[in-house]
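Written below as structure tokens is the structure these notes are about.
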Amino acid sequence: MALSQGASEAKLIPARQVVTAEWVRLKCQYGCPGYGKRLCCPPYTPTPEAFSRVVGGYRRALVYSYRGGKRAKRGDMHRGLAELERAAFLDGWYKAFAAGAGPCRLCKECDTSRLCRHPYEARPSMESCGIDVYATCRNAGIKLDVVTCPEDTPKYIHLLLID
């Protein structure tokens, strides 16, 4: 389903290969101008320690990527993430839970003083939960390089925990 939504690659891995680390969330706090401005970003998301325990309750994870560039529609990718989670749930994988790439883009501005306007679609970013996306991609056999210039095409990585 991820591939039919436009993902360029998808790999099923043991959940124990999803890497969490405390330092990842620091990159959100010190380096992202969106810190504290969206409900799917820290400090509103689970801590790396808490999310590591969540991952420990799963046996499998689907890691998949989209090629970015000017045509990438981040909101569409985020909605597709929730659709994939729901499809897994309806197929009997009732614990299915998804995390996306970067900040949620469902709303132009997020009102953090109230509940989310899109609770069925909004999911936390992988980074906000402390997932080391690069190490997790290496474990999944997905090549992920740091984007170093505007001409580079980014990859957007998503995760679906299933059990």
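Summary table below
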{"item": "Subset of the stretch 118-141 [among the aliphatic types (A, V, I, L, M) and assigned to a loop (DSSP other than H, G, I, E, B)]", "result": "Ala122, Met126"}
{"item": "Selection status of Val54, surrounded by 22 or more Cβ atoms within 10 Å (Cβ to Cβ) and either under 30 Å from Asp152 (Cβ atoms) or of a type outside the set (Asp, Glu) (or both)", "result": "no"}
{"item": "Residue list for the stretch 110-128, filter: in contact with a Lys or Arg (Cβ under 8 Å, 6 or more places away or on another chain), touching a residue at least 12 places away in the same chain (Cβ under 8 Å) and not hydroxyl-bearing (Ser, Thr, Tyr)", "result": "Cys110, Glu121, Glu127"}
{"item": "Test: residue in the stretch 44-52 that is under 21 Å from Ser4 (Cβ atoms), in contact (Cβ under 8 Å) with a residue 60 or more places away in the chain, in contact with a helix residue (DSSP H, G or I) (Cβ under 9 Å, 6 or more places away or on another chain) and of a type in the set (Ser, Thr, Tyr)", "result": "no"}
{"item": "Index of the failed condition, Tyr94 passing every other in (1) more than 21 Å from Glu121 (Cα to Cα); (2) surrounded by fewer than 16 Cβ atoms within 10 Å (Cβ to Cβ)", "result": "(1)"}
{"item": "Filter result for the condition that a residue is touching a helix residue (DSSP H, G or I) at 6+ places or on another chain (Cβ under 7 Å) and in a loop (DSSP other than H, G, I, E, B), over Leu144, Leu115", "result": "Leu144"}
{"item": "Any chance Ala61 is touching a Leu at 6+ places or on another chain (Cβ under 9 Å), closer than 24 Å to Val147 by Cβ and not aromatic (Phe, Trp, Tyr)", "result": "yes"}
{"item": "Residue in the stretch 116-132 that is surrounded by 13 or more Cβ atoms within 10 Å (Cβ to Cβ), of a type in the set (Lys, Arg) and over 18 Å from Arg25 (Cβ atoms) present", "result": "no"}
{"item": "Flag if Pro103 is without any contact (Cβ under 8 Å) to a residue 24 or more places away in the chain, closer than 22 Å to Pro48 by Cα and not aliphatic (A, V, I, L, M)", "result": "no"}
{"item": "Some residue of the stretch 147-157 being under 11 Å from the mean Cα position of the chain (by Cα) and aromatic (Phe, Trp, Tyr)", "result": "yes"}
{"item": "Candidates Arg25, Arg59, Arg38, filtered to the one that is touching a residue at least 12 places away in the same chain (Cβ under 8 Å) and over 16 Å from Cys129 (Cα atoms)", "result": "Arg59"}
{"item": "Failed item in (1) part of a loop (DSSP other than H, G, I, E, B); (2) of a type outside the set (Ser, Thr, Tyr); (3) touching an Asp or Glu at 6+ places or on another chain (Cβ under 7 Å), with Leu160 passing the rest", "result": "(1)"}
{"item": "Sole residue being assigned to a strand (DSSP E or B) and closer than 18 Å to His158 by Cα, chosen from Lys95, Lys11", "result": "Lys11"}
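None of the figures in this text is laboratory data; all of them are computed from the coordinates on show. What you see is a predicted model; the values in this text were computed from it and never measured. Positions of Cβ are backbone-derived with ideal geometry, glycine not excepted, and every protein chain shown enters the neighbour counts.
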